Amino acid sequence: MAVAGDVVTLTVTARMEVAVPDQWGYGIRGDFIAILSDSSLTALPGGQHGFPAQTTWNSGTGSFTVPPLPAGAVLGVALSGHMFGLGEGYALFDNVMTSITGSGAALNARVWLGGPYVPAQNLMRDDLRAGGYLPSSDPFPLNPLPDVLPPGALSATGPNAIVDWLRIELRHTIPGVGWLIRVNGSLQRDGDIVALDGVSPLSFPVKAGNYLLVVRYRNHLSIMTQQAVSISTASPLVDLRSTATALHTLPAPNTDLPAKVVGNQQFMWPGNVAYDLEVAYAGLGNDRDPILGAVGGSVPTNTITGYQETDVNLDGVVKYTGSDNDRDIILQTVGSSVPTTVRHVQVP
Ligand SMILES: [Ca+2]
Ligand SMILES: [Ca+2]
Ligand SMILES: [Ca+2]
């Protein structure tokens, strides 16, 4: 996300492996380049930096002031090794780091999870916290991050008490680039997304700018903002709880309602127990059977307690039938009239 005027620093550890010695020697370089919107690459004036070229590992640093980039382009870094004559060899790179001067970026956003939301309180349940069930390490079912909850993270009660871990992604707006940065945060009962200490703003190791915001939860369907939102040291509130904040939808024929809507509020769809790209009540890989399996498989009235992906309403109890069960929520998510309907996630 570097823009004109930013100072970007590249740090590289590299070494050469020489197969055929070259009488003129060899070199290692790093180039600041522009990646154009059609994915082609172009050199930037003054973007070339030489690094120590030795057969043992050495570190080097180069800084570059970003010039105006072509419209739609992003700054990139290209690393290469070369022989000056007819020699041959390999350039090996390790510990490549880039840093950009900037003002830092913190999230100011609120979101509702449909499962634990209690309309009468206009808050989400914190039964997992109150029951001592919340894990101290990342519970996300895919690519867990090496985070742990700091001491005191779960001490708050009331509207700022912690509901659970939440996974946040920022993506830049160039099509096809995919996720840019992903971090873990904590979710308060009133919808505030905060850092893992339960209190501080959730900050990102990126430069301030406009990003698409993705929110993921371990047994709900992910959502993404339709428009890029401003992330800075003084980010305006992104209220994902409100239908005024438009959410991304996939193109037809995969278009689906990205969140559950009640009045002017919207809620992440609950019930993605078997974590994938849809909520299904019936059929192969559905989200209902794991609930029955969790309670033992044979006696549907059994229940279990604890931190379970099958606990859709986050009350600390996995329940297949009876009041406050977790199965009916899945039926409501897919649309209760046609149980074979599938609700698809709308995050590409
Ligand atoms: Ca709060
Ligand atoms: Ca699923
Ligand atoms: Ca439950």
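Quick note: the coordinates plus some simple rules give every number you see, no bench work behind them. Predicted model only: the values in this text are computed from it and were never measured. Neighbour counts are summed over all protein chains in view; Cβ atoms, including those assigned to glycine, are modelled from backbone coordinates with ideal geometry.
Here are some notes:
- Label-point separation in nm, residue 324 to residue 78, each point 7 Å along Cα→Cβ: 6.2 nm
- Distance distribution P(r), segment 266-346, all Cα-Cα pairs, bin width 5 angstrom from 0: 3, 19, 28, 27, 17, 6, 1, 0 percent.
- The alpha carbons of segment 18-133 give a radius of gyration and a Dmax of 24.6, 80 Å, in that order.
- Residues of segment 41-67 with amide N under 13 Å of a point placed 7 Å along Cα→Cβ from residue 97: 59-62
- Residue-wise HN-Hα couplings along segment 17-33, as the Karplus relation 6.51 cos²θ - 1.76 cosθ + 1.60 with θ = phi - 60° gives them from phi, are 10, 8, 8, 10, x, 10, 5, 9, x, 8, x, 10, 9, x, 10, 7, 10 Hz; Gly and Pro carry x.
- A full extension of the chain between residue 120 and residue 282 corresponds to an added length of 55.2 nm, given 0.36 nm per residue minus the alpha carbon distance.
- Relative contact order (%) - criterion: Cα under 8 Å, at least six apart; region: segment 278-344: 37 percent
- Working from the Cα coordinates of the chain, the gyration tensor eigenvalues give, after taking √(5λ), semi-axes of 46, 22, 20 Å in decreasing order.
- Volume in Å³ per residue [convex hull over Cα atoms, computed for segment 105-267]: 120 Å³
- Ratio of the Cα radius of gyration of segment 28-92 to 2.2 N^0.38 Å, where N counts its residues: 1.28
- One quarter of the convex hull surface built on the alpha carbon atoms of segment 21-61 amounts to 4.4 nm², the projected area averaged over directions.
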